[in-house]
């Protein structure tokens with residue numbers, strides 16, 4: 001069976017990963033000289049406490065190529081085919097690291113590394129699809145092809161209380177158009193071409209959540225949705241409640257923004273990712 | 001100067017330890033110039049951490065040959081690489097180890113050959129090698145080392161010196177190769193870090209460890225005038241060529257005519273419009289740097305856009321196929337009051353036409369501003385019912401595509417601007433902005449111009465009146481705060497979540513504070529904001545969202 005590997009920018013938690021049978025390679029979060037592996041060594045609860053505690057602002061880094069080389073070599077003992085579904089190379093070096101790790105593997109095993117140009121739930125949706133296909137017996141080429149074809153059908157939207165974290169982490173890109181507002185605004189950003197882009201602004205959280213809802217509603221057909229929160233599970237449930245009228249329950253998944261995405265998004269982000277039907 | 005013909009594995013290790021300590025001293029400086037590929041300001045940190053892991057691995061190995069030390073370093077870098085620069089550095093050490101495989105000592109030739117191997121490995125390993133980065137610096141330095149090794153095959157220091165000197169030159173050239181560096185006015189951070197690492201190594205070889213303790217690496221800066229030489233090279237060229245440069249200059253006592261005269265010789269298609277506080281500049285120039293330098297001497301720059309026009313043309317063809325990108329759309333706003341104008345600007349209005357109640361701008365005034373913004377699609381927010389019609393006449397006079405969202409009050413205009421969707425087309429945006437207008441209520445407090453009886457209110461000339469959505473007079477009286485509160489009361493604040501109070505030029509700050517306190521106790525849990533709108537005619541404009 002094809003083994004599926006992804007990175008922690010997909011926000012797939014360790015428990016979820018075990019359930020799915022995928023390997024999630026954690027990125028690192030640095031608080032000063034302390035380095036933590038995303039989710040594994042720093043669960044979201046602790047991370048968000050640290051983040052808002054007012055101490056040193058964290059930074060993040062991709063794992064070394066050697067981490068991937070080791071992982072691939074170990075997996076090669078169990079399988080002849082590995083698919084690595086990686087986050088956008090415009091946001092992180094993790095894809096590059098996986099590509100280089102792959103080059104070091106000498107074991108007799110085919111490895112495909114995909115730059116999905118996505119993150120968070122959108123990346124996770126690709127992982128879910130790949131896992132299902134692998135379980136159904138699809139081979140590496142078939143799954144790779146399926147994932148690549150699904151990539152352009154993904155959509156993602158995130159609401160923020162502030163863009164300060166994104167700005168600090170250098171990932172604000174074109175969303176800087178939303179900086180400097182003299183009124184209190186709730187920025188809403190989308191992912192496009194592997195980067196964050198400005199989408200809309202709301203005056204309050206309720207309005208912003210409406211925009212999230214309408215974003216999914218405006219799609220002709222929704223195949224799969226992932227809703228994720230950072231510190232507001234009730235908001236996630238509220239959104240899922242509203243979505244259940246249009247998307248069957250088994251196609252809606254819950255997730256939580258982990259510490260690496262959280263470093264750049266801040267403690268109140270709420271995100272929706274979905275796969276639009278063909 | 002002492003001449004060293006070769007060094008052992010232990011010496012090579014010490015050489016890189018010295019280089020790494022030298023790099024550690026400039027971590028913050030290297031972080032500060034990190035703009036590519038992700039401007040997250042951690043290149044120095046990542047390179048230093050990668051080096052630490054690289055050297056820790058050597059400590060663990062007891063072997064002394066150059067080959068073994070290089071292999072241990074490669075392994076350490078591989079497992080400890082952090083970030084993009086760390087990943088490239090790990091490739092560098094991998095190549096170096098390959099080049100030094102089986103060697104007991106490094107001599108001048110071995111070093112040069114290993115550098116060349118390291119450069120090849122670094123390039124090969126990357127899925128998208130980019131010039132103008134650490135890669136280019138390693139390649140240039142390796143070539144210089146190889147050239148020197150041919151004539152000075154027994155002088156390791158001379159070859160290292162050639163490596164470091166060329167690295168320095170190469171770092172200074174990186175902005176020529178990578179436009180994001182040029183725009184940010186920096187050299188490549190990874191290249192800078194690698195140069196410092198090598199410089200530290202060289203200084204160890206030269207026996208300068210003592211001096212290094214009390215000094216700090218000097219950062220390389222771009223010393224080449226970047227695009228300044230282009231005009232001479234391309235005289236008499238017919239095609240427009242160069243950089244389309246656009247920005248908003250904000251300052252005090254600006255003189256648009258003077259700015260225009262000053263910039264006239266510096267490019268083509270010059271447009272300078274604005275007033276003493278805000279000037280929009282558009283110019284096609286070979287040297288946007290010079291334009292920006294001049295402008296920053298006058299004030300602060302906003303909404304800066306610099307585009308290579310050759311790319312723009314190619315991009316244009318692409319764009320036609322897809323739906324209209326939001327980048328090509330501008331919102332022009334009619335507003336009065338400095339504070340109000342600032343709010344609109346801060347929310348991304350491309351340009352502001354001064355005007356409002358009792359000072360309606362002409363079609364010509366709006367047209368001028370519409371033509372000056374660097375977008376072919378323009379949405380106009382008139383923000384006054386008497387200006388809606390004027391604004392809708394602009395379409396006949398311009399080749400640009402215009403949509404007028406009929407906003408009748410300033411809060412309606414702000415609500416519309418906030419609803420601007422960066423992914424939408426002109427039509428989609430006009431539609432969604434119009435529906436956003438319906439979600440906001442406006443209460444305006446002004447003075448009655450004559451005595452009248454309306455809505456069961458007996459109004460005396462000069463009394464304060466509260467108008468809702470520019471139509472209904474809902475309250476009147478002598479005391480402004482009372483009229484305001486009564487008007488809000490009548491509108492019904494129930495489902496409102498955000499109350500924004502724009503204080504007019506004639507209103508008093510203490511009075512506003514009183515109103516806010518009153519509102520807070522009357523409507524707990526509502527988000528209340530006050531903005532110094534500075535508008536004339538209206539003491540207060542209140543938006544309910």
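None of the figures in this text is laboratory data; all of them are computed from the coordinates on show. It should be emphasised that the depicted structure is a prediction, and the values quoted were computed from it without experimental measurement. Neighbour counts run over all protein chains shown; Cβ positions are idealised from the backbone, glycine included.
Overview of values
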{"read-out": "Amide N of the range B:370-398 lying under 18 Å from the label point, which is placed 7 angstrom from the Cα of residue B:328 along Cα→Cβ", "value": "B:371-380, B:398"}
{"read-out": "Shielding by partners, peptide A:170-182 (average Cβ within 10 angstrom, other chains)", "value": "4"}
{"read-out": "Mean Cβ neighbour count within 10 Å, used as a protection proxy, ranking A:85-91, A:236-242 highest first", "value": "A:85-91, A:236-242"}
{"read-out": "Mean Cβ neighbour count within 10 Å, used as a protection proxy, ranking A:196-208, A:32-44, B:8-20, A:56-68 highest first", "value": "A:56-68, A:196-208, B:8-20, A:32-44"}
{"read-out": "Nitroxide proxy distance, nm - points 7 Å out along Cα→Cβ at residue B:63 and residue B:479", "value": "9.0 nm"}
{"read-out": "In nm, spacing of pseudo-spin labels at residue B:435 and residue A:217 (7 Å Cα→C-beta vector)", "value": "0.8 nm"}
{"read-out": "Antiparallel bridges, percent of DSSP beta bridges restricted to chain B (to nearest 5)", "value": "70 percent"}
{"read-out": "Residue mean of other protein chain beta carbons inside 10 Å, A:61-73", "value": "5"}
{"read-out": "Stretch gain in nm, segment residue B:5-residue B:346, where the contour uses 0.36 nm per residue and the Cα spacing is subtracted", "value": "116.4 nm"}
{"read-out": "Relative contact order %, chain A, counting alpha carbon pairs below 8 Å whose residues are six or more apart", "value": "23 percent"}
{"read-out": "Helix-only CD estimate at 222 nm, as mean residue ellipticity for the protein assembly as shown, using -39500 (n - 2.57) per DSSP H run (n ≥ 4)", "value": "-13500 deg cm²/dmol"}
{"read-out": "Paramagnetic label zone (point 7 Å from Cα along Cα-to-C-beta, residue A:106; backbone N under 18 Å) in the range B:94-129", "value": "B:94-103"}
{"read-out": "Cβ-Cβ FRET estimate between residue A:77 and residue A:146, R0 fixed at 35 Å, reported to 0.05", "value": "0.85"}
{"read-out": "B:358, B:174, A:144 arranged by Cβ crowding within 10 Å, fewest neighbours leading", "value": "B:358, A:144, B:174"}
{"read-out": "Over the range B:2-143, relative contact order from alpha-carbon pairs under 8 Å, at least 6 apart, %", "value": "22 percent"}
{"read-out": "Order of A:213, B:160 under a 10 Å beta carbon neighbour criterion, fewest first", "value": "A:213, B:160"}
{"read-out": "Label-zone membership for the range B:132-163, site residue B:206, 7 angstrom Cα→C-beta point, backbone N under 14 Å", "value": "B:156-163"}
{"read-out": "Crossing angle, helix B:66-80 versus chain B [Cα axis fit, 0-90 degrees, rounded to tens]", "value": "20 degrees"}
{"read-out": "Residue mean of other protein chain beta carbons inside 10 Å, B:88-100", "value": "1"}
{"read-out": "Beta bridge orientation in the protein assembly as shown: antiparallel %, DSSP, nearest 5", "value": "65 percent"}
{"read-out": "Nearest-ten-degree value, helix A:233-243 long axis tilted from longest Cα axis of chain A", "value": "90 degrees"}
{"read-out": "Nearest-ten-degree value, helix A:140-150 long axis tilted from longest Cα axis of chain A", "value": "20 degrees"}
{"read-out": "Distance (nanometres) between label positions extended 7 Å along Cα→Cβ at residue B:293 and residue B:471", "value": "5.9 nm"}
{"read-out": "Two-site FRET efficiency, residue B:124 against residue B:260, from Cβ-Cβ distance with R₀ of 45 Å, rounded to 0.05", "value": "0.30"}
